[in-house]
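The values are calculated or read from the model by the stated rules, or taken from the named source; none is laboratory data. Not measured: the values here are computed from a predicted model. Every residue, glycine among them, receives a Cβ derived from its backbone with ideal geometry; neighbour counts consider all protein chains shown.
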Amino acid sequence: MYRTHTNGELRSTDINKEVTLAGWVQKTRDKGFMTWVDLRDRYGVTQLIFDEDRSPEAVMKTASSLGREFVIQVTGTVIERESKNPNMPTGDIEILVSEIIVLNTSLTPPFTIETETDGGEDIRMKYRYIDIRRKPVRDNLVFRHKVTMAVRNYLSSKDFVEIETPYLIKSTPEGARDFVVPSRMNEGQFYALPQSPQTFKQLLMIGGMDKYFQIVKCFRDEDLRADRQPEFTQIDCEMAFVEQEDILNTFEGLTRHLLKEINGVEVGAFPRMTFDEAMKRYGNDKPDIRFGMEFGELNEVAQHKDFNVFNSAELVVGIAVPGGNSYSRKEIDKLIDWVKRPQVGAKGMVYVRCNEDGSYKSSVDKFYDQEDLAKWAESTDAKSGDLICVLSGETNKTRAQLSALRMELAERMGLRKANVFAPLWVIDFPLLEWDEETERFHAMHHPFTSPKPGQMELLKTEPGNVKANAYDLVMNGNEIGGGSIRIHDRAIQSKMFDYLGFTPEEAKAQFGFLMEAFEYGAPPHGGIAFGLDRLVAILGGQETIRDFIAFPKNNSGRDVMIDAPAPIDQEQLKELNLKLDL
Ligand code: ASP
């Protein structure tokens, strides 16, 4: 038997017990006549003591030869510790060692295995197996396990069945490129890895499995933005015989259960906000509603004076920064520079100081008097002591810019509190989205999403205004889930493909199987998928998903530990009938 206890387990009630422990050497302190070793495993750290007077000579010798991260097994007696450490659960005791076996040696690790390590991101990724020995990483992985178990238990208790769907499939459009896998047995043909199990879960509904879920890897070959992974995990769900309301209630239930079970937080009914409203009030379809600073549209009160910048703008919009009047001129100039950075892209920023005496001082005093500015304050809900920041220009761009400023300021002011959870549903998304590059409309969610009842006709005349039966679950400024009620009628699905620019041949080649299935009694159905990595990170009070993935890829999509992707050898290429023209 390698161990009788773990290293996180022994307490003063265990004093005098004879125990065997195993683990890694975290630290040694060698005083010659006495040596102390901190022994670590997944469960904690226990202090070992080797004492010249009480431990055998050979044992003393081995103890003084131990290096960091050696793997050892010791047997000894639990004794009371002289200088207790109240910060450690095992801090009242130590093990007086009588036997020691070195199970394996270790090279000196490239970084310290402490909560605050000296290792940079790159080196920790290269030696991720060592990084996982650190408590914060370990805790995150255990936390993730807790969340996934809670999800499984909850959904299972509601009659959902977890069903696996294949990874070697044909393209499913979720708006990204596919990762492809060449088929050796079918020359010149390729599988695609699923961007999501979308079509399969719909087929399961047609198969009568009316409540499905799966905790599943999805693969999307996207240009990597910070903190995106080319492979990530979804909690993928689908239900038959449901309307949007049923889906929202079911998954609000799941989310509420998780917040309670994992975070001990009870939240009331989730607010619902239409996409249009979210854009108007927060400039964002995933608003962080933990704090105010809502948008105030100022067209009416700021246009038609002599200020041409505003007169020529489609939208003039502002936010009140609480206490912002305390900013110095220099600080405000810095803010202006911030919004002018290419990543934000504003041309400039107008500001109004709301003085304590009720007067206003703005950067456009030439054009606006106190009465005008009072109206701006009213529209942005500014109080004395606040600073109103105003941007203008094309509606969508300006909203995005002001939203970026709102989030940045909230972050700086500490308003984005990790232990506050503010979930909401954003509903009534547009069905289509204009794509500047291809100059045509794309499905905003995916092509299987149904338009709101009676809106199919609008497709011809006002495609941009057609609303979909699509919804997102948003928490703390992040989209944590999204889904829709699907089309289940072949004729409508064909029309949709046609509208999205698929020729009938293309639609048949790619999705013929689904459209055929629609003709064999497809029930009304809909679903949702949660991004598990992000959900776990947010519940864990953090925003970096990489920290919650055992073996993540870096920002260039590489696994630096196994060094992938990598070339394959000629022989393998030949077998796959692939030629590389480099
Ligand atoms: N398949 C969708 C996605 O991955 C989710 C859904 O519609 O259920 O975003």
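Remarks
- Those helices (runs of 4 or more DSSP H) of segment 301-394 in which at least 3 residues are over 36 Å from the mean Cα position of the chain (by Cα), considering only elements entirely within it, cover 308-311, 370-380.
- Test result for I130, in contact with a Gly (Cβ under 9 Å, 6 or more places away or on another chain), modelled with pLDDT of 95 or more and farther than 29 Å from A564 by Cβ: no
- Selection of first residues in segment 133-147 that are closer than 11 Å to T115 by Cα and of second residues that are part of a helix (DSSP H, G or I), restricted to Cβ pairs under 8 Å at least 6 apart or on distinct chains, gives the following pairs, ordered by first then second residue: P136/D547; V137/D131; V137/D547.
- Looking only at segment 251-275, residues that are out of contact with any Leu (no Cβ under 9 Å at 6 or more places or on another chain) and either within 17 Å of S484 (Cβ to Cβ) or surrounded by 17 or more Cβ atoms within 10 Å (Cβ to Cβ) (or both) come to 5 in all.
- Residue selected from segment 183-231 under the condition of a type in the set (D, E, K, R) and within 11 Å of the ligand (Cβ to nearest atom), by the criterion modelled with the lowest pLDDT: R220
- In summary, D159 fulfils each of the numbered conditions (1) on the phi > 0 side of the Ramachandran plot; (2) within 16 Å of the ligand (Cβ to nearest atom); (3) among the acidic types (D, E) with the single exception of condition (2).
- Pairing residues of segment 33-50 that are crowded, with 16+ Cβ neighbours inside 10 Å with residues that are among the basic types (K, R), at Cβ distances under 6 Å and at least 6 apart in sequence or on separate chains, gives W36/R29; D38/K27.
- Among the strands (runs of 3 or more DSSP E) confined to segment 163-242, the ones with at least 1 residues that are farther than 28 Å from A564 by Cβ and touching a residue at least 40 places away in the same chain (Cβ under 8 Å) are located at 211-219, 231-240.
- Filtered by the rule that a residue be part of a loop (DSSP other than H, G, I, E, B) and within 30 Å of P197 (Cβ to Cβ), segment 404-435 gives F421, A422, D428, F429, L431.
- Verdict on T148 being more than 16 Å from the ligand (Cβ to nearest atom) and either assigned to a helix (DSSP H, G or I) or within 22 Å of the chain's Cα centre (by Cα) (or both): yes
- F275 farther than 30 Å from A320 by Cα, in contact with an Asp or Glu (Cβ under 6 Å, 6 or more places away or on another chain), modelled with pLDDT of 95 or more and within 16 Å of the ligand (Cβ to nearest atom): no
- Within segment 521-559, restricting attention to residues that are farther than 20 Å from R133 by Cα and among the basic types (K, R), the residue that is nearest to the ligand (Cβ to nearest atom) is R534.
- Residues that are β-branched (V, I, T) and either modelled with pLDDT under 95 or within 10 Å of the ligand (Cβ to nearest atom) (or both), drawn from segment 163-182: T172
- Qualifying residue in segment 259-270 (condition: assigned to a helix (DSSP H, G or I) and among the aliphatic types (A, V, I, L, M)): yes
Quick grid of which residues meet (1) closer than 26 Å to M1 by Cβ; (2) touching a strand residue (DSSP E or B) at 6+ places or on another chain (Cβ under 7 Å); (3) not in a strand (DSSP E or B):
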site	(1), (2), (3)
T28	yes, yes, no
L39	yes, yes, no
S55	yes, yes, yes
V74	yes, yes, no
I79	yes, yes, no
M88	yes, yes, yes
E94	yes, yes, no
P110	no, no, yes
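- From the list T20, T6, the lone residue that is surrounded by fewer than 17 Cβ atoms within 10 Å (Cβ to Cβ) and under 38 Å from the mean Cα position of the chain (by Cα) is T6.
The rows are residues; the columns are (1) within 16 Å of the ligand (Cβ to nearest atom); (2) under 30 Å from K260 (Cβ atoms).
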{"position": "S379", "(1), (2)": "no, no"}
{"position": "H446", "(1), (2)": "yes, no"}
{"position": "L458", "(1), (2)": "no, no"}
{"position": "N469", "(1), (2)": "yes, yes"}
{"position": "S484", "(1), (2)": "yes, yes"}
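- With respect to the conditions (1) farther than 21 Å from R353 by Cβ; (2) modelled with pLDDT of 95 or more; (3) of a type outside the set (F, W, Y), N419 lacks only one, and its number is (2).
- Just one residue in the set F511, F502, F497 is modelled with pLDDT under 95, within 16 Å of the ligand (Cβ to nearest atom), out of contact with any His (no Cβ under 8 Å at 6 or more places or on another chain) and farther than 25 Å from L473 by Cβ; that residue is F511.
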